[in-house]
Amino acid sequence: MSDKKASNQMWGGRFASGPAAIMEAINASISFDRKLYAQDIRGSLAHSEMLAETGIISTDDQHKIAHGLNTILKEIETGQFEFSTRLEDIHMNVEARLAELIGSAAGRLHTARSRNDQVAVDFRLWVKDEFHRVAEALKGLIAVFLVRAEEHAATVMPGFTHLQTAQPVTFGHHCLAYVEMFARDLSRVRDAIQRMDESPLGAAALAGTGFPIDRRQTAKALGFREPTRNSLDSVSDRDYALEFLSVAAISATHLSRLAEEIVIWSTPQFGFVRLSDSFSTGSSIMPQKKNPDAAELVRAKTGRVNGHLIGLLTVMKGLPLTYSKDMQEDKEAVFDAAETLDLMLAAMTGMVGDMTINVAAMKKAAGSGYSTATDLADWLVRTLGMPFREAHHVTGRAVALAETKKVGLEKLMLEDLQSIHDGITQDIFSVLSVQNSVKSRTSFGGTAPSEVRKQIRYWKKRLAKA
Ligand code: ARG
């Protein structure tokens, strides 16, 4: 390339060799789609076997192709393979090396196939594997929560709305709230796998092929339930990737809320949990500090995962059918979201499993903020037949009185309460303790330890089958 071009002021910049280099840099995907090498080779092996069985290529050529592909697999796995940007992507890198290794037979592999269905099948295989990895990680996290829930089925803590003390709950119940969330994430993963479990291989460039291929055979060989039913859709569909990103974003958002709770709970002001040294760091200047860095990073990385979802939705939204090169941008988004989510799930599983629960601090906080006021109102309704609205009013006055006396509701004298309503008897104190409050909430899905234990049994059984 001439120096004149290299020094072009508008677009020369770092591309010393001119426009061809810029084209190569914007066009090539090998720097990231090399991650698909195993899927690419698997797809090619299945395709070549089918081509031989249908008589489209000779068995002899197929053997050469298979041998060459297996050699390439080994070369890549042992770090001996030389990836070339000039060869653009993983598909062409593999095919070019195959030609070097086996000569002209290599040229027969791409019969009845295009890079369009090739990349579609490679990426589907990768996303499907990743879905399975996420499912396992979610199961691990749920299992840890069930252990913690069992340990703390009767540990009381304040339940919050608006981050204001609302009613006492049990920590076990709080853990089970996350079990519900992550179990729904798991079911979303399972649903998504069901929907994407079709092989696009054989759609060729976009219109299918005149060769007598057997798409059921390749679908089966690659572990898909069946082949896709429309060749145009097969090469232009990326909603399995979008679905992965949305499942990832929802799950990351759940992880982020949990991370936020851990950040709050681990402050000295709350002191509900203490993170293990493995999941916290000290401050270089303030010796008293123990920072919840891992939780903060889980919270922050959610932004990245959510961003990838919006990114790919935006890439896809204006594309006419079928394939456009825009779709090459699907991979980095999914790869990064996957790597990030895997790490977030691992970190959170470790953190939740390791953290120490400060039962005394939780209990103390559970009783503060007049958390049993609703129990008092419920007692008035139940025992005195008072309409709830009136009971709410009477309770409000009791809270105000307790506030002026600077005591909790359970520390008020019977006479004080009777001065507000003369129907109140000694029996009311039985509902004002935090323990009795949670014990009484036995409605299905409620916070009573008995109910929490019931739900733990349910989830243990379900998880064994999940
Ligand atoms: N590297 C491309 C991608 O990831 C492969 C498909 C190329 N197809 C094409 N018609 N240029 O999308």
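None of the figures in this text is laboratory data; all of them are computed from the coordinates on show. Since the model is a prediction, treat every value here as computed from it, not as a measurement. Neighbour counts run over all protein chains shown; Cβ positions are idealised from the backbone, glycine included.
Quick notes on this structure:
- Rounded D (µm²/s) - the chain, Kirkwood Rh over Cα pairs, Stokes-Einstein at 20 °C, 1.002 mPa s: 80 µm²/s
- Rounded to the nearest whole angstrom, the semi-axes of the ellipsoid equivalent to region 329-466, taken from the Cα gyration tensor as √(5λ), stand at 44, 18, 15, largest first.
- Calculated P(r) of region 265-424 - Cα pairs past 26 Å, %: 60 percent
- Charge dipole magnitude, Cβ of K and R +1, D and E -1 - the chain, Cα centre, debye nearest 20: 860 debye
- For the chain, averaging the sequence separation of C-alpha pairs within contact (under 8 Å, six or more residues apart) and dividing by the residue count gives a relative contact order of 16 percent.
- The orientation-averaged projected area of the convex hull spanned by the Cα atoms of region 7-158 comes to 16.7 nm².
- Computed from the Cβ-Cβ distance with R0 of 56 Å, the FRET efficiency linking residue 54 to residue 360 stands at 0.20.
- Above-threshold pairs, the threshold being 25 Å between Cα atoms, out of 64/331; 290/405; 74/465; 139/220; 364/406: 64/331; 290/405; 74/465; 139/220
- In loop segments of region 223-273 as defined by DSSP, there are no chymotrypsin sites (Phe, Trp or Tyr not before Pro) with at most 13 further C-beta atoms inside 10 Å of their C-beta.
- Region 222-359: equivalent-ellipsoid semi-axes (sqrt of 5 x gyration tensor eigenvalues, Cα, Å): 41, 15, 11
- Here each label is just a point 7 Å from Cα along the line to Cβ, and for residue 342 and residue 392 those points are 5.2 nm apart.
- Here the chain is scanned for trypsin sites (Lys or Arg not before Pro) in DSSP loops (not H, G, I, E, B) that have at most 10 other Cβ atoms within 10 Å, and the longest stretch holding none of them is 15-228.
- Directionally averaged projected area (convex hull, Cα atoms, region 125-234), nm²: 9.7 nm²
- Calculated [θ] (222 nm, deg cm²/dmol) that DSSP helices of n ≥ 4 give over the chain, each run adding -39,500 (n - 2.57): -20500 deg cm²/dmol
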